[in-house]
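What follows is calculated from the coordinates using simple rules that are stated; it is not laboratory data. As the structure is a prediction and not an experimental result, all values here were calculated from the model. No Cβ is skipped: glycine too gets one built from the backbone with ideal geometry, and neighbour counts run over all protein chains shown.
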Ligand code: THG
């Protein structure tokens, strides 16, 4: 469709050349990087994730490292989730909020040591945010972006591939837990995690010069299970109800509106950013909530990039924040960020280009 002008602002992924060699056909931008989004066969890439194993360049999930005496304290000030019981080797999904309680990122926090953490971030600049907060709170902590790049291995056969590479110990890893190790001399951390509900692992490469080597080692080990290149899969994540920060949120979306309330602990200390606002929102109830919408129609419809307004009984009640053709449900499905007066079972109209499409609200996830 169009090209990409090279610039040092678009930071290269260590896996970039390997994905080019394997036929990448589309990218999105994420944290000032290019993230592969297609290898030209969207439906085959989907079924490989559902039935087999797929490997993804998600180096754009950058790490923000907190290091020093106050690293744990800074992590807790940034995250309105109780981190006091987090163990070394454990990861946790943590909403980050601003002072008004609005979601500003939804990283996975990895505890590498008592004085060393990574925030594995979604698409917003938490490096600036963490540095500013550390300075303002006069904390003894260095905030940096280390040379760390995740490679995801996802799908029901991912465990076989990752065990073939690293050994049977990976089978015992609990969700979001990780271990630092090496693969033929390449330093990595192996975690059970990833942005799909099909199971899998992420291999955090800790030496950017070894991207092509790591990619090819995973590819070779996966041959026995017909591994292939893929990417965070739009259809699967909509079916599975996984949130895309920035895609499904706006600048005043709070965690309660997007099903992340279970990751907020209201009893954390008063100096945690956003907690006072979150307590108020929790007491009065959020204005909106997130439900699924199943649209009428037997054919895939392109809803494009933008949110689309949702109407009930002639009044605007919210927005459709994404929409995918579900290969398993054979329907167009999406997420509604919608007035809390709307409920499962309600009939709504989604308006695109002035034309309404009938839909029904349902629980998330779809599958
Ligand atoms: N991997 C890594 N970093 C990331 C992502 C990732 N950073 C950005 C983005 N993805 C963070 N967002 C999410 C969102 C949801 C999940 C993981 C990362 C997730 N959620 C499960 C769920 O919602 O059911 C489980 C959460 C839980 O039970 O704690 O997996 O993919 N490295």
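Annotation: the residues 206, 35, sorted from fewest to most other C-beta atoms within 10 Å of their own C-beta, follow the order 206, 35. Extension gain, residue 327 to residue 28: 0.36 nm times the residue separation minus the Cα-Cα distance gives 105.4 nm. By other beta-carbon atoms within 10 Å, ranking 55, 33 with the fewest at the front produces 33, 55. Diffusion of segment 141-254 by Stokes-Einstein, at 25 °C in a medium of 0.890 mPa s and with Rh set to the Kirkwood radius over alpha-carbon pairs, works out to 160 µm²/s.
Computing FRET efficiency as 1/(1 + (r/R0)^6) for residue 47 and residue 20, where r is the C-beta to C-beta distance and R0 is 25 Å, gives about 0.60. As a proxy for reagent exposure, ranking 123, 353 by other Cβ atoms within 10 Å from fewest up yields 353, 123. Taking label positions 7 Å along the Cα-Cβ direction at both residue 115 and residue 347, the computed distance is 6.5 nm, reported to one decimal. With the biggest extent put first, the Cα atoms of the chain measure 62, 50, 43 Å across the principal axes.
Based on the Cβ-Cβ distance of residue 144 and residue 9, what FRET efficiency does E = 1/(1 + (r/R0)^6) give at R0 = 22 Å, to the nearest 0.05? For R0 = 22 Å, the calculated efficiency reads 0.70. A straight line joining the Cα centroids of segment 306-346 and segment 158-212 runs 36 Å. With a Förster radius of 25 Å applied to the beta-carbon distance between residue 362 and residue 299, the computed FRET efficiency rounds to 0.80.
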